[in-house]
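Quick notes on the structure that follows.
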Amino acid sequence: MVRNLGWHPVASWTWDAQDETCGICRMAFDGCCPDCKFPGDDCPLIWGACNHAFHLHCILKWVNSQTPQPHCPMCRREWQFKG
Amino acid sequence: MENLGILDSLSDECIDEILQSWNGYCSCTEEILKGKGDLSIESEFVAVVIALCRHGLEGLVKDHFLQVLEVAFKENGVSKFWQHFHDYCDASMMASNKPLQIQENYQSVLCESLEEICLQKQFQEKCLLILVHALQSYEESLMESKKSEVETDNLFSRYQLMVSSVLLTTLPRHFPEILRLYFKESLEELSTMMAEEYEGGNEIQGEGNFDLDEGESLTKIEVDIDKRYYEMNTVRNTKLVRNIGKVVRDLRSLGFTSMTEDAYASAIFFLLKTKVHDLAGDDYRSPVLESIREWIQAVPLQFLYALLDYLGDSVGYDTASSGLKSPLASCPSSCYPGISIPSEGLIRWQLRLEYFAYETLQDLRIGKLFEIIVDYPDSSPAIEDLKQCLEYTGQHSKLVDSFISSLRFRLLTAGASTNDILHQYVSTIKALRTIDPTGVFLEAVGEPISEYLRGRKDTIKCIVTMLTDGTGGHSNGPGNSGDSLLEELNRDAGNQENADCGDDFNIDDKQAWMNAERWEPDPVKADPLKSSRNRRKLDILGMMVNIIGSKDQLVNEYRVMLAEKLLNKSDYDIDSEIRTLELLKIHFGESSMQRCEIMLNDLIDSKRTNTNIKASMQQSQRGTEQGEGISLALLDATIISSNFWPPILVESLNIPAAVDQLLSDYARRFHEIKTPRKLLWKKNLGTVKLELQFEDRTVQFTVAPVHAAIIMQFQEQTTWTSKNLAAAIGVPVDMLNRRISFWISKGILSEMPGKESDDHVFTLVDDMVDTNRNGVINGTCEELLVVDEEGEGSVASVEEQLLKEMTVYEKFILGMLTNFGSMALDRIHNTLKMFCVAEPAYDKSLHQLQSFLSGLISEEKLELRDAFLFITERLKIFIHWPQES
């Protein structure tokens, strides 16, 4: 008879994005943007209405530099954060 | 022409007179030498000498007289003198094992025969004096008294020269040996006498010490004190010393000055050497230099003082004017006229003796340096002694050469474990840093060690273990556990920082001046290409990193080890890892440790996330029945950011359904909390705590999931064939066979050959008898905590990573070799460096390339001939380079 006293498994997390790397900084989504030290919660992803994902920090920088109307760096559509 | 003219001018009368005088001269000489020289003969002698001189035959007279003296000396003195020592021809060969009586006998023989020959010499000198008188009276008659002094000196020095040359040409080969033995034995006798005194008079000695290095003005007073002290002490030894002194003086008068000095110097040095060996021995735990110095003061210097004193001022005068002045001797006589002459000789002797003592001790210590360094922290007194000796003698290169050769012979061999080599290396660094703070010699010695270590595969691993793991590595020092090398280094660094805080900022003038005064030039052996600034950085960690080549490799290795450790944790306790990481950050910089920090951060996050997820799951699951296997409370997951971890080996594994269900619930909940992030389980990783319950006992294990999966299969059926079991848990058969051996070794399962040759049958062992027989478990309830230690790591090792990274270049290399036919290793390396600049850029070391290529050679893709690499014939067939496009 085997009794289980504790199971300590290992998992890895991943962003469920279609792409591997961020189109702006070319770093992996599962990594972090160049300004961040820690991945995951500290450096989240954000999706646009066009369904393109970027590091939040990357796209914010991009959006703030694009006045008056920001576009998605990938498809050139008007950038809007996905609801 | 002129001479012949003079001959012609001689009248017969003159010739007759000359002949007559000559005959008279010859017979007189003979008479005198026979010792019957009374007044009448002497006056006759004077008359004939004057007569001959008047005819200008002065030179002939002198030459003849000396010649006669020589013949007489040879006949009467020399042969008899040597005959005395004839018996000791063999005795000197077997000096050690002859009876004491003979020893004393030959001491007295030496004294007596020396006395005898000296008497002979004195007599001859007296004869010579008669001739000198005769010549003087001739010169007085010519009223040229001015020249006489010189003439006398000249004659006597010619005589002295004759005596010593006669003796030296007939010198038997064993005579110096006899002298040496004589001095050695008398000295030993003396030293035992003096040693007794020294023991008694230790307190006085303390005050009356020579202090040559310090203020010279004091020296005079101290010498005076010394003199009194010596006089008091030497009374008892006077007789012995006087004997020796007499022998020395006799030998000196015979022209054996240098031989005598050699003999007693070598005797003293021999004595000193024995003393040093006695004192130093094989004990490295106490300093010996001071006691050696005291002994020099107490014994040999006292003897020399007495000897020089006995011989009188002539010694000091002799040595001072001889031009043989040792460079070691300062010239106090000219600078400080107050100091008496013997003490100058004494000072020179002291310097000589101390130098010799230093050199002997240094040689002794250098010969044993390896052992000394093996028990380094305990043997630091010996190192300190050696340092002082080397400062005095400056023979650092001797140390380097001898130490390197003993390293080669004893440490850098296949039999020594890498850990031992590394520990010896660290001790060497510490010890040599004491001896030579500039680090030049350390560089020379360290080079072969690090060169050798570079060739070992497990070096990096051992270094990392040594740095981070307190207990690991110290194979022979059980008392030394607890502190890792890194902690020690950090402590040192902290101390240093305290010592010279504010290095660059508030450095005032006084501090700057002190720093400037402390500056020392680099030793002569220093390599001028390396600036001293670089060399001064002597941190142990830096030298460790130097072995590996770059800190990146070290950090990488640490990362792999850290990953392994973290993945096998069953709790989230990482305090010690955090501490180590902080220390590493200090040394390697924050940026290079970034990935490790993320790994630790993952564990901290996991703990938090785990609590969150479990809390929310328990709320929603309340009321629903738990399955047979496992409750949520038992599950604690580690969630990693896989991008920052070393590549992880993922193997498929079917874990028990209940657990699997729980895991997917857990993952779903994670997805809900952390949208849009997902969890990917690495089912083969982690740890499982199990309790095996048998009828009569329970046993606990902590194992890898695969082991748990295996043993859980035996709950449903107690016998499995390996093929079926492998299919059930979803792993390849060979993997199963490897993993299941864990349970077999614990006596839980038994293995039997199956029906087919490659099949095995495993059965659950369920009775006590079997397990007792196995001897593994014999208690009824025993708790075992076993961590999987089969070396089946969950993380790809650095070598595997490297192999993976290098495979990219395989095509390049094969292409190059096809085009060029053959290439040398470094050419391949350089070409890759030049052309592979795009992603992934070629950044491997020559060594890494070499190990990769040797892998290709063992796969028979390449072959190595005369240091050139070729593509094997076999492979050429398979390579089809695209011709078109």
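The values are calculated or read from the model by the stated rules, or taken from the named source; none is laboratory data. Note that the structure is predicted; figures quoted are calculated from it, not measured. Counting neighbours? That spans all protein chains shown, and the Cβs are built from the backbone with ideal geometry, glycine included. Please note that ligands, DNA and RNA were not included when accessible areas were found on the heavy atoms of the full protein model with its side chains. Shrake-Rupley method; radii C 1.70, N 1.55, O 1.52, S 1.80 Å.
Within the option set B:VAL699, B:VAL706, being touching a strand residue (DSSP E or B) at 6+ places or on another chain (Cβ under 9 Å) and either surrounded by fewer than 23 Cβ atoms within 10 Å (Cβ to Cβ) or within 11 Å of chain A (Cβ to nearest Cβ) (or both) holds for one residue only, B:VAL699.
The residues in the stretch B:686-712 that are outside any strand (DSSP E or B) and more than 24 Å from B:LEU567 (Cβ to Cβ) can be counted, and the count is 4. In the set B:LEU663, B:LEU653, B:LEU649, which member is at the interface with chain A (Cβ under 10 Å from one of its Cβ atoms) and either crowded, with 22+ Cβ neighbours inside 10 Å or closer than 22 Å to B:SER606 by Cβ (or both)? On inspection, the qualifying residue turns out to be B:LEU663. Residue pairs whose Cβ atoms lie under 6 Å apart, separated by 6 or more positions or on different chains, with the first residue in the stretch B:286-299 and within 13 Å of B:THR360 (Cβ to Cβ) and the second open to solvent by 10 Å² or more (accessible area, probe 1.4 Å), are B:VAL288/B:LEU279; B:LEU289/B:GLN388; B:ILE292/B:LEU279; B:TRP295/B:LYS275. Where helices (runs of 4 or more DSSP H) fall entirely within the stretch B:392-476, those with at least 3 residues that are of a type outside the set (D, E, K, R) and within 30 Å of B:CYS596 (Cα to Cα) are at B:418-435, B:440-454, B:459-468. Among the residues of the stretch A:26-53, write down those that are acidic (Asp, Glu) and more than 7 Å from chain B (Cβ to nearest Cβ). Correct list: A:ASP35, A:ASP41, A:ASP42. Can you tell me which residue is nearest to A:LYS61 (Cα to Cα) among those in the stretch A:4-22 that are facing chain B (nearest Cβ under 7 Å) and of a type in the set (A, V, I, L, M, F, W, C)? Residue satisfying both the conditions and the ranking: A:TRP15.
For B:LYS585, the criteria (1) within 14 Å of another protein chain (Cβ to nearest Cβ); (2) in contact with a helix residue (DSSP H, G or I) (Cβ under 8 Å, 6 or more places away or on another chain); (3) touching a residue at least 24 places away in the same chain (Cβ under 8 Å) hold in every case but one, which is (3). If the condition is being at pLDDT below 75 and part of a helix (DSSP H, G or I), then the stretch B:793-820 contributes B:VAL798, B:GLU799.
Starting from residues that are in a helix (DSSP H, G or I) and open to solvent by 50 Å² or more (accessible area, probe 1.4 Å), keep the ones in the stretch B:670-682 and report whichever is nearest to B:PRO732 (Cα to Cα).
Initially, the stretch B:670-682 is screened for residues in a helix (DSSP H, G or I), giving B:670-673.
Filter once more, keeping what is open to solvent by 50 Å² or more (accessible area, probe 1.4 Å): B:671-673.
Details: B:HIS671: 31, B:GLU672: 35, B:ILE673: 36 Å.
This residue is B:HIS671.
For the stretch B:709-732, taking the residues that are more than 8 Å from chain A (Cβ to nearest Cβ) and free of Cβ contacts under 8 Å to residues at least 12 places away in the same chain, the one that is nearest to B:LEU662 (Cα to Cα) is identified as B:GLU716. Can we say B:SER722 is surrounded by 14 or more Cβ atoms within 10 Å (Cβ to Cβ) and among the hydroxyl-bearing types (Ser, Thr, Tyr)? Here the answer is yes, as B:SER722 does meet what is asked. Within the stretch A:34-50, does at least one residue satisfy the condition of being surrounded by 16 or more Cβ atoms within 10 Å (Cβ to Cβ), touching a helix residue (DSSP H, G or I) at 6+ places or on another chain (Cβ under 8 Å), outside any strand (DSSP E or B) and of a type in the set (Phe, Trp, Tyr)? Among the residues of the stretch A:34-50, at least one is surrounded by 16 or more Cβ atoms within 10 Å (Cβ to Cβ), touching a helix residue (DSSP H, G or I) at 6+ places or on another chain (Cβ under 8 Å), outside any strand (DSSP E or B) and of a type in the set (Phe, Trp, Tyr), which makes the answer yes. Taken over the stretch B:535-569, the residue count meeting the criterion of being within 14 Å of another protein chain (Cβ to nearest Cβ) and either at pLDDT below 80 or part of a helix (DSSP H, G or I) (or both) is 5.
Being open to solvent by 60 Å² or more (accessible area, probe 1.4 Å), more than 27 Å from B:ASP660 (Cβ to Cβ) and at pLDDT 85 or above is the requirement here; does A:ASP19 meet it? In short, no.
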